[in-house]
Structures are given as structure tokens and as C-alpha cells.
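Student: One structure, pasted below without further comment.
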Amino acid sequence: MKNSLDSRNAHNHPVLRDHLAAQRTMLANERTYLAYIRTALTLFVAGVSFIKFFGNIIYEITGWLLIPLGILVFIKGIISYIKMKRLITEEEQS
């Protein structure tokens, strides 16, 4: 007797809900990647704005700190996206 909780059919193929779940997970991963990019751009632009438009040394130092922070967030987002995409692909194929 076949278990109703089994997510694979008799030929060991994933059922539609598993495929759709993997697609939702991939879309969530892409949304997270876009959030990293948005945050990185915001930090970078804020840093440039602080340097360019404010004459106070404190704002200029803050600007010079925000620019590399934005670059680091961007790199972290790329690494996180690639790692998660690899995990999702491996899980979907197994």
C-alpha cells in the first residue's frame, strides 16, 4: 500500500507540488539577492552623498565608511545567492 505522505510517485519522479515548491524557493532566493543589491546601492550612494554634499569631517568619514560597506554587502549577496542556488539545484535533482 502506498503511503499518502510520500512525495514521489511509483517511478520516483517528483510530483508537481515538489517542483512548484522548488520554483518558489528559487524565486525567494532571487528576491533576497535583489534585496542585497538594493541595500548595497543604498549604502554606496549614501556614502557618495555624504562625501559630496556635506562639508563636515564627520559626515565625510561616515561616507568613506559607507562606500566599502556597500561593496561588502554586494559581494556577500552574490556569494549567498550562488551558494543557495547551488543547494536548491542539488536538492531538486536528488
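Quick note: the coordinates plus some simple rules give every number you see, no bench work behind them. Keep in mind that this is a model prediction, so the values were computed, not measured. Here the Cβ is made from the backbone with ideal geometry for all residues, glycine too, and neighbour counts use every protein chain on show.
Student: Which condition number does THR62 fail, the rest of (1) without any contact (Cβ under 8 Å) to a residue 24 or more places away in the chain; (2) among the polar types (S, T, N, Q); (3) surrounded by fewer than 15 Cβ atoms within 10 Å (Cβ to Cβ) being met?
Tutor: Condition not satisfied by THR62: (3).
Student: Another one. Is there any pair linking a residue in segment 25-46 that is more than 24 Å from ILE67 (Cα to Cα) to one that is crowded, with 16+ Cβ neighbours inside 10 Å, with Cβ under 7 Å and at least six apart or on different chains, and which?
Tutor: Between residues of segment 25-46 that are more than 24 Å from ILE67 (Cα to Cα) and residues that are crowded, with 16+ Cβ neighbours inside 10 Å, the close pairs are THR25/ILE88; MET26/ILE88; ASN29/TYR81; ASN29/MET84; ASN29/ILE88.
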